[in-house]
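The values are calculated or read from the model by the stated rules, or taken from the named source; none is laboratory data. What you see is a predicted model; the values in this text were computed from it and never measured. Cβ sites come from the backbone with ideal geometry, for glycine too, and all protein chains shown count toward neighbours. What goes into the accessible areas is simple: the full protein's heavy atoms, side chains included, and nothing from ligands, DNA or RNA. Shrake-Rupley method; radii C 1.70, N 1.55, O 1.52, S 1.80 Å.
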Amino acid sequence: MPDQMIKAGVVGWPIGHSRSPLIHNHWIDSLGLSGTYEAIAIDPKNFEADIHSLIEAGYAGVNCTVPHKHAALAIADRVDASAQNIGAANTLIFAADGSIEARNTDAIGFMENLRAGAPSFDFNGKTALVLGAGGAARAIVYGLIEAGIGQVLLANRTKDRATELQNSLDGPIDVLDGDDREIALADADLLVNTTSLGMVGSPSLDMALDNLRPKALVTDIVYAPLETPLLAAARARGNVAVDGLGMLLHQAAPAFAAWFGVMPTVDVALRQLIIDDLEQNK
Ligand code: ATR
């Protein structure tokens, strides 16, 4: 009997830039599974109707990227704790009865990347300085709280957004004035950039690292370039720094497992595949 063909994909608007098809098709091929994973453009105006068309066409589910992460949560019949707390979903799972489950794997992706890149770092009771208060920051702060972080110091250009994030999550979050982030570095065991600063085509993140503790771990969600100026400056000081590509790879794994029934591994070959793609599309 032939294997059951499993169909999944990523929906966004526009969708051309997504690297999710490369990641998931690498796993489909390397695990010898029978399946497809496509990039699917969905106009926000038609989101709900188009998702139902995919369910009727037999899809197992989809990843949701910009601008659909909130709409994905709104149309779901069931929502996991991550998506509920983060207020957005990046993964939809379609059940056999046509119902929709929404999950958010970004927090897991962030945490698994740090666990892989800095295995000896213990989050329990530690202080994290998080830069930014957008959607990515929300997932990351939730992940850190779930991992037992002792304190999150949140610094954002627009302070009100940081206060909003603080009020929407249950946990030890303190909001800083933007000017205080360099001072707060002296207390941080972990520094996370969740803003787009430092990304190709964006302004650089202007932050002096003089107060960075020698044992502090530094990470950036930006992965183009892979070695952001922040990571390079941290490494130059002797700090451990973890790049953002792993977050993209690790957030994909639990979604793949939900649809294809196998937990894939994030290995060197996958990482190289995406690095090569980043190089080609510079
Ligand atoms: P994402 O979903 O990737 O987090 P987002 O919700 O648009 O995207 O959030 C972008 C984050 O980067 C925000 O924290 C934003 O700061 P504001 O809330 O003040 O907008 C931050 N950011 C983007 N461009 C910035 C810039 N030039 N200077 C400082 N912060 C910036």
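Does Asp180 satisfy being assigned by TED's automatic domain parsing to the domain that holds Pro225, within 9 Å of the ligand (Cβ to nearest atom) and either farther than 12 Å from Ala133 by Cα or surrounded by fewer than 22 Cβ atoms within 10 Å (Cβ to Cβ) (or both)? Before you say what the answer is, go through the steps one by one.
Numbers: assigned by TED's automatic domain parsing to the domain that holds Pro225: yes; within 9 Å of the ligand (Cβ to nearest atom): no; either farther than 12 Å from Ala133 by Cα or surrounded by fewer than 22 Cβ atoms within 10 Å (Cβ to Cβ) (or both): yes.
So Asp180 does not fit the description; no.
Would you mind stating whether Ser82 is in the same structural domain as Gly261 (by TED's automatic domain parsing), under 30 Å from Ala216 (Cα atoms) and open to solvent by 10 Å² or more (accessible area, probe 1.4 Å)? When the stated conditions are applied, Ser82 passes them. Scanning segment 184-222 for residues that are in a strand (DSSP E or B), of a type outside the set (Asp, Glu) and within 16 Å of the ligand (Cβ to nearest atom) gives Leu191, Val192, Asn193, Thr219.
Scanning segment 47-98 for residues that are out of contact with any Lys or Arg (no Cβ under 7 Å at 6 or more places or on another chain) and part of a loop (DSSP other than H, G, I, E, B) yields Ala57, Thr65, Val66, Pro67, His68, Ile75, Ala76, Asp77, Ala95, Ala96, Asp97, Gly98.
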